[in-house]
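Just below is one structure, and these are the notes that go with it.
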Amino acid sequence: MISGTVTATRPLVTEPATTVETILTISVERQRDKGAPTTVEVREQGGVVSVAQVRSDFEGKLGRKLTSEELAETVDYSFNGIAHARVGDRVLVVVADDASVQSEGAYVSLARLVRGDAAGGLAKASSTKFTWPGEVPNPAWESEVDVEPLMQ
């Protein structure tokens, strides 16, 4: 469990299945593991990439070569309508160790929530409250989460 600010994002495309992910660099403000790093990289599904980066997907489906204009366009790989993280977002991220990267501070996002005052949804008085960036993944789940009990 990590709470902090997104300081950088970068898309990552892996082949052969054309998996699009975004690497979030997060400056950690709070975390459950007191001995963990103060800056982490978290890999999450989706991202905005150029068509050139996922060329094989489009050319395979269209059955033709793409033009240079088409290759310069961008495509948004999003999941369940969840907005992508942006630099400056205050986030609460539930993470697991990233087995594909053998280094301290490399994680995979299991869930990401956004702090209300950063997203414009809650007053600054509620600075420990985080909300889902899109639809709540499960209707039985709370739409707002307080970070305090989670960090103890």
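The values are calculated or read from the model by the stated rules, or taken from the named source; none is laboratory data. Being a predicted model, the structure only gives us computed values, none of them experimental. Note: ideal-geometry Cβ built from the backbone for every residue, glycine included; neighbour counts use all protein chains shown. Heads up: the accessible areas ignore ligands, DNA and RNA and are worked out on the full protein's heavy atoms, side chains in. Shrake-Rupley method; radii C 1.70, N 1.55, O 1.52, S 1.80 Å.
List of remarks:
- Rounded to the nearest 20, the Cβ-based charge dipole of the stretch 1-93 about its Cα centre (Lys and Arg +1, Asp and Glu -1) stands at 260 debye.
- For the chain, the relative contact order is 23 percent, taking Cα pairs closer than 8 Å that sit 6 or more residues apart in sequence and dividing their mean separation by the residue count.
- Carbon/sulfur fraction of accessible area - the chain, other protein chains in place, 1.4 Å, %: 51
- If you sort ARG30, ARG10, ARG86, ARG112 by accessible surface, 1.4 Å probe, largest first, the order is ARG86, ARG10, ARG30, ARG112.
- Accessible-area ranking of TRP132, TRP141, largest first, probe 1.4 Å: TRP141, TRP132
- Shape summary: the chain maps onto an equivalent ellipsoid whose semi-axes, from the alpha-carbon gyration tensor, are 32, 18, 13 Å in decreasing order.
- For the stretch 40-54, the Karplus equation 6.51 cos²θ - 1.76 cosθ + 1.60, evaluated at θ = phi - 60°, returns couplings of 10, 10, 10, 9, 9, 5, x, x, 9, 9, 6, 4, 4, 6, 10 Hz by residue, with Gly and Pro reported as x.
- Accessible area in square angstrom per residue, the stretch 1-115, 1.4 angstrom probe: 55
- Which of LEU71, LEU12, LEU92 is most accessible, then next, and so on - probe 1.4 Å: LEU12, LEU71, LEU92
- Annotation for the stretch 77-114 versus the stretch 16-59: alpha-carbon center distance of 7 Å.
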